[in-house]
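Notes for the one structure printed next.
The values are calculated or read from the model by the stated rules, or taken from the named source; none is laboratory data. Owing to the predicted nature of the structure, the values given are computational and were not obtained by experimental measurement. So basically every Cβ, Gly included, is an ideal-geometry build from the backbone, and we count neighbours across all protein chains shown.
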Amino acid sequence: MEKNQNKNIQEFEFKAEMKQLLNLIVHSLYTHPEVFLRELVSNSSDALNKVRFRRLIDNDILEPESELKISITLNKDEQSISIEDTGIGMTKEELIEQIGTVASSGTLQFLQKIKEEKTTLDASLIGQFGVGFYSVFMVAEQVTIETRSIEKDSKAYRWISKGDGFFTIEEIEKSSRGTNIYLKLKDEHKQFCDEKTIKSILNKYSNFVDFPIYVNSQKVNTVTALWHRRKEDIKEEELTEFYKFITNDYEEPLGHLHLSLEGILNFKALLFIPQSAPSFIFRDFDEKSLLLYSKKVFIQDDCKELLPDYLKFIKGVVDTEDLPLNVSREVTQYSPVMAKINSILTSKILSFLEDWFQTQKDKYIKFFKNFGSIFKLGLNSDFTNRDKLIDLMLFGTSKTQPDEYISLKEYVSRMKENQNDIYYVLGNSRDVIQKNPNIEYFLKNDFEVIYLTDPVDVFTIPQIREYDKKKLVSADKSDIKFDETVSNKPDALSPDLSKSLIDVFKRILGDKVEDVRESVRLVESPVTLVVGSSGMDKQLEKMMQYMDKEFKMPRRILEVNMSHPVIKNLAKRLIADENDEIITISVLQLFEGALLLEGYLNEPADFISRMNEIIFNATKV
């Protein structure tokens, strides 16, 4: 609120929560006072960027041709430091609103909690909650802001505060656009008047700010648009530092792609593939992807229109001269130029990855292990590049080591002579898949099976359907055409006895199953559940069940191994007494055991009760 008025000077009082905030900042929170400089330089950079945007659509502004720069002046005698920019400046109302109130709801509560827990606020968090500017009161006994807005008819103002709960504003004469923040330093922080100290801080925090920074008239940062330089002139360490700056990644990139296209469409791009994926790959990829520039003028810091979603792990910069500079950012997003750049970038990236696949297989495998879950989604959306994407997919199989991967092309090249289809099976892990009874036939007869353990495979693999005129067939499906000469079981029950036993299974299980059949695929297990020809994969069913609690699992087909000792024993009991209670108990137990193996036994009480009864009878003396 306004406290009093004396001629041209107006005095205001900070709001109550603002007073509390200042007290917390100055006395309780920060352990690294040097970050005040980073925050002020960052604010200046934002103000300069706003001028850039304004110039795109309107040149009728104050000092339209002035250099966009940040100037820092140190004065040891006065124990002061000033940070001046030629940015967008502020009006009187903005001074009151932006400097006099807490910038983000919840800020005060957050900082109060930090104090109560007697912890400190890490330097990386300063500014995250809209309190960056106020860090100046850690080092300054008085802060003066002189500013003039970008509008031609604007007035200039001076804002002064000691951080004691009050501030003044007065109208002044200032011919230049922008903001100058003058700090009268406290005695215990006079080291910030030292030029070497300030340059060191700038190098640590603000080395890649996209505007020249001057310290006592000497330029201290070299701003270079790496993507405008020739590939051969850029050192590897420059690329690494640039990548780390735009991504905040502490690791060097796995690789980079430098493009410069001239012709019908002109653009340059410097793209990076990170070394590692985020911990939560789908959630964390909402972070910034590509930076869009036009003739070195910054346009947008997360331009999602430049790449399809399945390539959103790519980081970097794209700069095109073909974007009209007098359009708004929203219009730019729907420009046909953007769509064309998207198409070219996608094609170039896929070719780049193909080269890795052919010449640097280990690097490609590392890329696919990190980003395969995102990358595979292209099979569902990018039909233009579908064939390329299919060739770039990698899989573990029954014949590969746990960290070994092959492509579909490699799989086909090692297929058996009598093999017509490509077999795959879905599961939560390699260990789980290897215990799946439905692949026993394939393993025994040396057919390679693709192991799909990535949850997204449920949605992506069905998009392939066929490769090199070979159908992709789920090993869990009931309609697989088995080679009868290979699968012949001379020790199996006779056809008549098998039929009689199958009829007993059907009678006992009733509508619990879709059907009961004699099995060809089983080798070691007595029974298994398979999916009908029109059914969906088991993993997809589980996902449907997870998303919809009302989803009911379709009935399965139960296959019975007529050469298994347990089944033979049941046949003997059937011959002796078709009403033998042990047959009923055993059939139900075999069926529910198969359900348990697949994770579908929702009510295990009866299963456990029968198991206890069987154990009791088996252990009686």
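Taking region 402-453 only, how many residues are part of a helix (DSSP H, G or I), among the aliphatic types (A, V, I, L, M) and in contact (Cβ under 8 Å) with a residue 40 or more places away in the chain? Total meeting the criteria: 4. Within region 255-295, the only residue that satisfies the criterion of being at pLDDT 85 or above, charged (D, E, K, R) and within 20 Å of Asp210 (Cα to Cα) is Lys268.
Only one entry of Glu251, Glu237, Glu241 meets the criterion of being outside the structural domain of Leu40 (by TED's automatic domain parsing) and farther than 28 Å from Ile70 by Cα, and that entry is Glu251. Return yes or no: is Val425 farther than 21 Å from Phe482 by Cβ, under 28 Å from the mean Cα position of the chain (by Cα) and among the hydrophobic types (A, V, I, L, M, F, W, C)? Spelling it out, it is not the case that Val425 is farther than 21 Å from Phe482 by Cβ, under 28 Å from the mean Cα position of the chain (by Cα) and among the hydrophobic types (A, V, I, L, M, F, W, C). Evaluation of Leu108 against the conditions (1) more than 34 Å from the chain's Cα centre (by Cα); (2) modelled with pLDDT under 95 shows that the sole unmet condition is (1). Looking only at region 505-518, decide whether some residue is surrounded by 13 or more Cβ atoms within 10 Å (Cβ to Cβ), assigned to a loop (DSSP other than H, G, I, E, B), in contact (Cβ under 8 Å) with a residue 24 or more places away in the chain and not charged (D, E, K, R). No: zero hits. Output the number of the condition that Ser260 fails; it satisfies all remaining conditions of (1) of a type outside the set (A, V, I, L, M); (2) crowded, with 18+ Cβ neighbours inside 10 Å; (3) in contact with a strand residue (DSSP E or B) (Cβ under 6 Å, 6 or more places away or on another chain). Condition (2) is where Ser260 drops out. Which condition from (1) surrounded by fewer than 16 Cβ atoms within 10 Å (Cβ to Cβ); (2) assigned by TED's automatic domain parsing to the domain that holds Asn438 is the one that Ser494 breaks? Condition not satisfied by Ser494: (2). Can you confirm whether Asp309 is modelled with pLDDT under 70, assigned by TED's automatic domain parsing to the domain that holds Phe242, surrounded by fewer than 16 Cβ atoms within 10 Å (Cβ to Cβ) and closer than 30 Å to Glu404 by Cα? Taking the combined requirement at face value, the residue does not satisfy it.
Within region 385-428, restricting attention to residues that are touching an Asp or Glu at 6+ places or on another chain (Cβ under 8 Å) and of a type in the set (S, T, N, Q), the residue that is surrounded by the fewest Cβ atoms within 10 Å (Cβ to Cβ) is Asn418.
Within region 180-200, how many residues are in contact with an Asp or Glu (Cβ under 6 Å, 6 or more places away or on another chain) and within 16 Å of Ser71 (Cβ to Cβ)? It would help to see each step written out before you state the result.
Let us first name the residues in region 180-200 that are in contact with an Asp or Glu (Cβ under 6 Å, 6 or more places away or on another chain), namely 180, 184, 186.
This time we only want the ones that are within 16 Å of Ser71 (Cβ to Cβ), so: 180.
Looking only at that region, the number is 1.
I'd like to check something: does region 577-599 contain any residue that is within 17 Å of Lys499 (Cα to Cα) and at pLDDT below 90? Looking for residues that are within 17 Å of Lys499 (Cα to Cα) and at pLDDT below 90, one finds at least one in region 577-599, hence yes. If only residues of region 447-476 that are within 11 Å of Ile422 (Cβ to Cβ) and among the hydroxyl-bearing types (Ser, Thr, Tyr) are counted, the one that is surrounded by the fewest Cβ atoms within 10 Å (Cβ to Cβ) is Tyr467.
In the set (1) farther than 24 Å from Phe616 by Cβ; (2) modelled with pLDDT of 95 or more, Asn602 fails one condition alone, (2). Scanning region 350-384 for residues that are of a type in the set (Phe, Trp, Tyr), farther than 14 Å from Asp454 by Cα and surrounded by 14 or more Cβ atoms within 10 Å (Cβ to Cβ) yields a count of 5.
Taking the criterion of being modelled with pLDDT of 95 or more, in the same structural domain as Ser294 (by TED's automatic domain parsing) and not in a helix (DSSP H, G or I), would at least one residue in region 378-385 satisfy it? So far as region 378-385 goes, no, none of its residues is modelled with pLDDT of 95 or more, in the same structural domain as Ser294 (by TED's automatic domain parsing) and not in a helix (DSSP H, G or I). Once region 135-188 is narrowed to residues that are hydroxyl-bearing (Ser, Thr, Tyr) and outside any strand (DSSP E or B), the residue that is surrounded by the most Cβ atoms within 10 Å (Cβ to Cβ) is Ser135. With a requirement of 3 or more residues that are surrounded by 16 or more Cβ atoms within 10 Å (Cβ to Cβ) and among the hydroxyl-bearing types (Ser, Thr, Tyr), none of the helices (runs of 4 or more DSSP H) lying completely within region 559-621 satisfies it. Gln539 meets each of the listed conditions (1) assigned by TED's automatic domain parsing to the domain that holds Asn579; (2) modelled with pLDDT under 95 apart from (1). Of all residues in region 339-349, those being surrounded by fewer than 19 Cβ atoms within 10 Å (Cβ to Cβ) and among the hydrophobic types (A, V, I, L, M, F, W, C) number 2.
Conditions (1) at pLDDT below 90; (2) closer than 26 Å to Lys19 by Cβ; (3) in contact with a Gly (Cβ under 8 Å, 6 or more places away or on another chain); (4) assigned by TED's automatic domain parsing to the domain that holds His32, marked per residue:
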site	(1), (2), (3), (4)
Ile114	yes, yes, no, yes
Lys152	no, no, no, yes
Ile169	no, yes, no, yes
Arg177	no, no, yes, yes
Leu183	no, yes, no, yes
Gln191	no, no, no, yes
Ile198	no, no, no, yes
Ile201	yes, no, no, yes
Ile213	no, no, no, yes
